[in-house]
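Written out below as structure tokens is the structure these notes cover.
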Amino acid sequence: MPVRFQLPARMGHTDEELAFIREMGIRYLNLNVMPPQANEEDLQREKERLARFDLEISDLACPPLQKNPAIILGRPDREEQLDQFCAFVRLAGRMGVKIVSVAWQPNGIFRTGRACRPCTRGGVSAYADMAEIAARPVSNDREYGEEEIWANFAYFLRRVLPVCEASGVRLALHPNDPPVKSLGGVHSLIYNTDCYERAFRLANNSPALGIKLCVGCWLEGGEAFGNLMEDIRSLCERDKILVVHFRNVSGRLPYFEETLSEDGYADMYAIMKQFVRCGYEGYMSVDHAFAGYPSMGGTLGAFAYPTGHMKGLWEAAMRECGQNPYSGGPSA
Ligand SMILES: [Mn+2]
């Protein structure tokens, strides 16, 4: 089984959009579902519709649950939110979807803004300047420290992991982005590989806790995050990587721009080869893309070129490693 390429998607794409995705040679979708549609009837209908375009849901995310402030900060209404999270996991299981996304980011991804920057070829892309981000006031009612953030994560695991195990669903935990110790006054859960190891230990090494390996985050942090090549090898060996975000940046913190794969500081071909050498067979997608143009398909149109480039790197890596990329028929 080769790497399985996917694209982020939402419910209700038009027929044209779904055809466009399929024409990129994509079979799998990371589907974002908002709460009103997070029910069996709507999802079943969507699943059948996607099947007509030869598309499948590989993993599900419910944005308000994926980065839920009540659960992450331990607010009084977290029990209700945890019940909803568990219900969403059970729903994924019933739909035959084996991965649900989670990110311990109560205030989302931090970026200074989206703009044309020196490394973006005129494209509008996200960039981060830590001097500006660190100077912001706290994002919530108060600061939240390391101990309580980990205690809240432990509580989440106690409530949710048994449901995942019973439902045949694995959690794909994304790092905090950018990967620094604290963002907006909230201590980050995952800002280096040691944090991931701590999370695995807390989960008693249950296979139900896996990783969304965001190459972008690893590169933003550089050595402070970990040794990417070594981490890919070690995490593949232990079957911890469920999804890969394939993304390059212009440099390491304290400042970076999100660039085309070929324009950032990392050698993305070498990184792709490492996934191939390690026998990675999970899902992989382009993470963020440039803003795109409304008359050129907007965000979806903007994903087309980097997705093709990523798949081209994979094909070259497969051939260089002596493997036939299309031995099982057309690329998945
Ligand atoms: Mn990512």
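The values are calculated or read from the model by the stated rules, or taken from the named source; none is laboratory data. Not measured: the values here are computed from a predicted model. Note that each Cβ is placed from the backbone with ideal geometry, even for glycine, and that neighbours are counted across all protein chains shown. Surface areas here come from the heavy atoms of the whole protein model, side chains and all, with no ligands, DNA or RNA. Shrake-Rupley method; radii C 1.70, N 1.55, O 1.52, S 1.80 Å.
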Going by what's in this entry, would D263 be described as more than 18 Å from Q6 (Cβ to Cβ), part of a helix (DSSP H, G or I) and touching a strand residue (DSSP E or B) at 6+ places or on another chain (Cβ under 9 Å)?
no
Determine, yes or no, whether E223 is on the phi < 0 side of the Ramachandran plot and in a strand (DSSP E or B).
no
Just to be sure I understand the filter: pairs with C-beta atoms under 7 Å, separated by 6 or more residues or on different chains, first member in region 124-144 and β-branched (V, I, T), second member open to solvent by 30 Å² or more (accessible area, probe 1.4 Å) and in a loop (DSSP other than H, G, I, E, B). Which pairs pass?
V124/F290; V124/A291; I133/T112
Which of the following residues is assigned to a loop (DSSP other than H, G, I, E, B), of a type in the set (D, E, K, R) and more than 19 Å from the chain's Cα centre (by Cα): R252, R319?
R252
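Would a scan of region 79-93 turn up a residue that is under 22 Å from L300 (Cβ atoms) and buried (at least 19 other Cβ atoms within 10 Å of the Cβ)?
no
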Inside region 93-145, can you point out the residues that are over 30 Å from E56 (Cβ atoms), part of a loop (DSSP other than H, G, I, E, B) and β-branched (V, I, T)?
T112, T120, V138
Pairs, first of a type in the set (D, E, K, R) in region 15-26, second open to solvent by 30 Å² or more (accessible area, probe 1.4 Å), C-beta under 6 Å, six or more apart
R22/F53; R22/D54
Using beta carbons and a limit of 9 Å, which pairs, at least six apart or on different chains, have the first residue in region 151-166 and at pLDDT 95 or above and part of a helix (DSSP H, G or I) and the second one surrounded by fewer than 14 Cβ atoms within 10 Å (Cβ to Cβ) and polar (S, T, N, Q)?
L157/N204; L161/N204
Restricting the first residue to region 273-298 and requiring it to be more than 17 Å from K311 (Cβ to Cβ), which pairs with a second residue that is within 16 Å of the ligand (Cβ to nearest atom) and β-branched (V, I, T) meet a Cβ separation below 8 Å and a spacing of at least six or different chains?
C278/I232; A291/T299; G292/T299
